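Enquirer: To start, I am sharing the structure in question, which I have written as structure tokens.
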Amino acid sequence: MLHEDRLAAVVAVVAGTGARTVLDLGCGEGDLVLRLAAIPGIDRITGIELDAERLRRAQARLTDRPSGGARVQLACASLTQAHPNLAGYDCACLVEVIEHLPAADINRLERAVFGRMRPRHVIVTTPNAEYNPVLGVPPHRFRHPGHHFEWDRARFARWGRGVAARTGYEVTFRDICGAHPGLGGASQMAVFRRADQPP
């Protein structure tokens, strides 16, 4: 349920940007790619994933989608390296991705995505650590064994504002996947807009 809510929130923001070309960075098995491909007006979607097996499963799922619509391509590549052919997209999405990266790779990701690829919009979601007690996660554990960190909302906001200030973006934040009156949502979202783009 949380996964579906998260994807729905991201799809709504992507649609609201009017993007015609979209990057899904850390696309996994293609859950977001398949949903984006159904949005009228999106012409091209590129999914990037480092796990070759997950990428194969995404490719298999794409073969079953109806013909027509957006052109979709998938590639096995690192998210922390700037690929020249990934520059110039309207929107990039990183959905529950950054928490899987070691701390040193967060800075590399920032340089690659915000410094070199420079999409008009970047959408980032990550777990909200404040919400973990609602999910029954003990204080000494993360939600997933593959997570290197889980940030509370204040920490995520500091990171997002720092990225925006360093790279020429503006950023807004919102809670997604629920709205506990004191703890926010299960996930949190940052929406970055390149400062040279109209609101």
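Enquirer: List the residues whose amide H sits under 5 Å from the amide H of Arg20, counting only those 5 or more places along or on another chain, with H placed 1.01 Å from N in the peptide plane.
Expert: The list, which skips near neighbours in sequence, is Asp90.
Enquirer: Here's another thing I want to ask about it. Can you tell me the dipole magnitude for the chain around its Cα centre, using point charges on the Cβ only (Lys, Arg +1; Asp, Glu -1), in Debye to the nearest 20?
Expert: 480
Enquirer: So for segment 5-50, taking the charge dipole from beta-carbon charges (+1 Lys/Arg, -1 Asp/Glu), which of Ala8, Gly18, Ile48 sits furthest toward the positive end?
Expert: My answer, from the dipole projection, is Gly18.
Enquirer: Calculate, for segment 35-84, the solvent-accessible area per residue in square angstrom, rolling a 1.4 angstrom probe over the heavy atoms of the protein chains.
Expert: With the other protein chains kept in place, segment 35-84 gives 58 Å² per residue.
Enquirer: Between rounded, prolate and oblate, where does segment 1-100 land on the alpha carbon gyration tensor, with a ≥ b ≥ c its root eigenvalues, rounded for a/c under 1.5, else prolate if a/b exceeds b/c?
Expert: Verdict is rounded for segment 1-100.
Enquirer: Taking only protein heavy atoms and a 1.4 Å probe, what accessible area per residue, in Å², does segment 101-199 have with all protein chains in place?
Expert: Ligands and nucleic acids excluded, the result is 50 Å² per residue.
Enquirer: Related question: For the chain, with a Gaussian network of springs between Cα atoms less than 10 Å apart, report the residue from His148, His121, His100 with the top mean-square fluctuation.
Expert: Looking only at His148, His121, His100, the largest GNM fluctuation is found for His148.
Enquirer: Given a 1.4 angstrom probe, I'd like the percentage of the accessible area of the chain that is carbon and sulfur, rounded to a whole number.
Expert: Carbon plus sulfur share of accessible area: 53 percent.
Enquirer: Right, next: As a check on your grasp of the helix formula, calculate [θ] at 222 nm for the chain: sum -39500 (n - 2.57) over DSSP H runs of n ≥ 4, divide by the residue count, round to the nearest 500.
Expert: -8500 deg cm²/dmol
Enquirer: I need the P(r) histogram for the chain: all alpha carbon pairs, bin width 5 Å from 0 out to the longest distance, whole percents.
Expert: The distribution over the chain is 1, 7, 16, 20, 22, 17, 10, 5, 1, 0, given as percents.
The values are calculated or read from the model by the stated rules, or taken from the named source; none is laboratory data. What you see is a predicted model, and the numbers here were worked out from it, not measured in a lab. Neighbour counts run over all protein chains shown; Cβ positions are idealised from the backbone, glycine included. Quick note on the areas: whole protein, heavy atoms, side chains included, nothing else; ligands and nucleic acids left out. Shrake-Rupley method; radii C 1.70, N 1.55, O 1.52, S 1.80 Å.
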